[in-house]
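What follows is a set of notes on a single structure, which appears directly below.
Just so you know, all these numbers are worked out from the coordinates, no wet-lab data involved. Just so we're clear, the structure is a prediction, and the values are computed from it rather than from any experiment. Cβ placement follows ideal geometry from the backbone for every residue including glycine, while neighbour counts extend to all protein chains displayed.
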Amino acid sequence: MSPASAVIDLAPAPLRVIGQDVPVPVSGGSVPYANLDYAASAPCLENVRAAIDAALPYYSSVHRGAGHASQVTTDRYERARSTVRAFVGAWRRDAVVFTRNTTDAMNLLAHALPQGTTVVVFESEHHATLLPWQRGGRVVRLPAPVSPSAAVAAADEALASAPAGPRLLVVTAASNVTGELWPVAELARVAREHGARIAVDAAQLVPHRPFDMTALDVDYVAFSGHKLYAPFGAGCLVGRADWLRAAEPYLFGGGATASVGDQVVWSTDPEARHEAGTPNVLGVVALAAACEALTDWDRLIAEEERLLARLRTGLAAIPGVRELSLWGDLSPRVGIVSFVVEGRRARDVATELSEKYGIGLRDGKFCAHPFLRRLLGEGAGDCETGDGTALRASFGIGTTEQHIDRLLTALRRLGH
């Protein structure tokens, strides 16, 4: 074949995670780990580790040093804001405040709400998005909707009946329990019709799908690095700057001030204002590296949907196993599946899967207690799981057919 006729593959190289083949002990020996607990914390991308390795020799203080290492580190830290902003399709004027995680980001937004704000939130949210608003203001908690259209209608009615003043609709983009995708664009449209703002918990979406704040007309988005293949303790709140600029600093300390004397003058920059103290520089570098690495979405989504279909079809064929879903089998979702095994406690099943088969998945209530009660039904937890808990298998980059098939085989052999 001549060079002129050669086909050049310009597609990005497949991403790899660290620890994909790590051996774990099982009865009688060891096996490569089948990590099916990505929704709790995803493994680290090799690209992310490489970014950390490149940053470590120059690691230094940020925003307060004239030395070369400090200047390099500060530049990396501030460029990360632009990377994150581009990753979620934010406006250039939107603030990017680095936090510890999604929980921290949502608490920061709750802290910044103007007095008298009405917050509308669904009970199906993760606790990180359900609970921060309890500190003050008026909270309208809506029941888990029976369909996406019902979610839009419920938000519409709640915002229409809210008293005059600021209003904020808080929604998830993808459920951490069922993986189901929420109608963010339609909910944003309803918020606009009522002069409200909308904040989106995208922690479970952005590792699986692209997200565009501008196209969706979203005001705020929060997500965590540890779910985005960057497990170094950083997250972010991205969005409109005015509420953040007007709020008292989230933390009091160095970096948040313009000057300190008899009176303290706080920084008017919304990012500096809410990032007091020395930040988690390496966590931010890792978060930005993960954002830069996740570009080949068509390939990632196609592979995930193939594995998801294999898992769900396999679970449906096992007697006594029931998948949990809010909107039914056909609702689109990411690589997260929760289920119960009739007559078995979730913790006992999870322990057996780990000890006998080297499979890691989540058991419990997934920091979404009201939602799980809704999915299990009143009293259903007692007869199906013994304690109102469930199992969750979740996956992403690095997951293989063999991991899925090992889980299905193990579930068919439970108790043997």
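Taking the condition over 19 Å from the mean Cα position of the chain (by Cα), over 30 Å from Ala34 (Cα atoms), exposed (fewer than 14 other Cβ atoms within 10 Å of the Cβ) and not acidic (Asp, Glu), does Ala302 pass? No: the conditions fail for Ala302.
Restricting attention to segment 329-351, does a residue exist that is closer than 16 Å to Ile404 by Cβ and of a type in the set (Ser, Thr, Tyr)? Explain how you work it out, then say what you get.
Pass one, segment 329-351, residues closer than 16 Å to Ile404 by Cβ: 333-339.
Then drop every residue that is not of a type in the set (Ser, Thr, Tyr), which leaves 338.
Yes, segment 329-351 contains a residue that is closer than 16 Å to Ile404 by Cβ and of a type in the set (Ser, Thr, Tyr).
In segment 139-169, how many are assigned to a strand (DSSP E or B) and more than 13 Å from Ala188 (Cα to Cα)? Residues that pass the stated criteria total 4.
Considering segment 114-132 alone, what residues qualify as being over 22 Å from Arg189 (Cβ atoms) and either crowded, with 21+ Cβ neighbours inside 10 Å or of a type in the set (S, T, N, Q) (or both)? Gln115, His126, Ala128, Leu130, Pro132, listed by residue number.
Has segment 209-224 got any residue that is crowded, with 17+ Cβ neighbours inside 10 Å, in contact with a Phe, Trp or Tyr (Cβ under 6 Å, 6 or more places away or on another chain) and not hydroxyl-bearing (Ser, Thr, Tyr)? Lay out the reasoning, then the answer.
Residues of segment 209-224 crowded, with 17+ Cβ neighbours inside 10 Å: 209, 211, 213, 216, 218-224.
The next check asks that each one be in contact with a Phe, Trp or Tyr (Cβ under 6 Å, 6 or more places away or on another chain); those that pass are none.
The answer is no; no qualifying residue exists.
Filter segment 23-42 for residues that are in a strand (DSSP E or B) and exposed (fewer than 14 other Cβ atoms within 10 Å of the Cβ); which is nearest to the chain's Cα centre (by Cα)?
So in segment 23-42, the residues in a strand (DSSP E or B) come out as 23-26, 29-32, 34-35, 37.
With the extra rule that they be exposed (fewer than 14 other Cβ atoms within 10 Å of the Cβ), the set shrinks to 23, 25, 29-30.
Working: Pro23: 27, Pro25: 30, Gly29: 35, Ser30: 31 Å.
Checked segment 23-42; the qualifying residue nearest to the chain's Cα centre (by Cα) is Pro23.
Taking segment 73-122 as the range and being within 30 Å of Ser161 (Cβ to Cβ) and of a type in the set (A, V, I, L, M) as the test, the residues that pass are Ala105, Met106, Leu108, Leu109, Ala110, Ala112, Leu113, Val119, Val120, Val121.
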